Every structure is written in C-alpha cells, then in structure tokens.
Amino acid sequence: MTNQDVSVIAVDDNEAFTKLVEAFLNQDMEADVEHYEDPENVLSEVVEDGSISDYDVVVSDWNMGRMNGGELGQKIREYSDIPIIYFTSESESDIDEVIADVGAQYLDKDDYGSLTGEVQDLLRERRDSNEAVEGYAGNWDTTVTETESDDLEAYVD
C-alpha cells in the first residue's frame, strides 16, 4: 500500500514534530497533513464544524499545554470515529486507560519509522470494516424479509 492519498491532522505543540510527521508519511505515501499546535484549534476548526470527516487519521502528541491528547481524543469521539494515533514520548503505561477508552493507537515518538505502517494499517482496517458493513447492510433487507414470516409463525403457533 504505497502512494496512497491520505489526509492527516497532526497535532503537537511543537510545529517541528508535525513537520516530521509529514516528512515521514510522505516517504511512502501521498500525505496531505494539516498542522495544528493547539488542540483547541482542532476542535473549533475541524471537529465541531463537521469537516473532520474530510480526514483519514489524527496523529496527536499527548502533552500539549492547556489540553492533552486524551482530552482531545475524547472530544473527537463525540463527533467522529476517525482513527487516532497518540504519537508521544509519554509512557504508554501512563496513558493506556485513556487510549483504550478513546479507541486509539499508541506509538512512541522515537519510532518515526513505524508511523507510516501504523497509518496504513489503520486505513486498511477502516476500509475493510466499511466494506464489511456495506456488504452486511446490502443483505439486511433480504435477511429480515426471509426470517420475518418464520418468526411470526413461531409466535402465532
């Protein structure tokens, strides 16, 4: 899965790290990265106005001043199920409960080499999940119709 177009929100209070995220992602895919230094700007400019659906993944630091990555992730979850990667130097064991609650992934900030693979895996999982839901939804009417009469007969008898 190379040269895949991906739209990323990168959040870190140090802009240099969001630029590194972009550089590493663009080694193996076509990544359009929006840089944010303040998580509150992500909420006001992308999440709350509904444009978060235009993006494929959020890559966020954890420690960012007024709002940490966990708080950002919880707010994002109120609006979207977009994949979130916490790309941070914070110890995973210190934040694992929030990671699980948000349904996010953890990647150590020193592991830039794994970032592209993690993004590709999340996109693949999301695509496969969407295809499964679409396939199931396409069979839903048929399944209900075929079983409705049997269910009704069981209750009538």
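Computed from the coordinates by the stated procedures, all read-outs in this text should not be read as laboratory data. Note that this is a predicted model, so its numbers are computed, not measured. Virtual Cβ from ideal backbone geometry, glycine too; neighbours counted across all protein chains shown.
Directionally averaged projected area (the stretch 5-130, Cα convex hull): 6.9 nm².
Suppose we take every Cα in the stretch 1-69 and form the convex hull; what volume per residue is that in Å³?
About 72 Å³ per residue, rounded to a whole number.
In plain terms, the residue of Thr116, Thr18 with the fewest other Cβ atoms within 10 Å comes first and the most crowded comes last, giving Thr116, Thr18.
When Ser44, Ser80 are arranged by Cβ crowding within 10 Å, least crowded first, meaning fewest neighbours, the order is Ser44, Ser80.
With both labels modelled 7 Å from their Cα along Cα-to-Cβ, the Asp101 to Arg66 distance reads 2.1 nm. Take every Cα pair under 8 Å whose residues are at least 6 apart in sequence, average their separation, divide by the length of the stretch 5-130, and the relative contact order is 24 percent. The fewest-to-most ranking of Tyr55, Tyr36 by surrounding Cβ atoms within 10 Å reads Tyr55, Tyr36.
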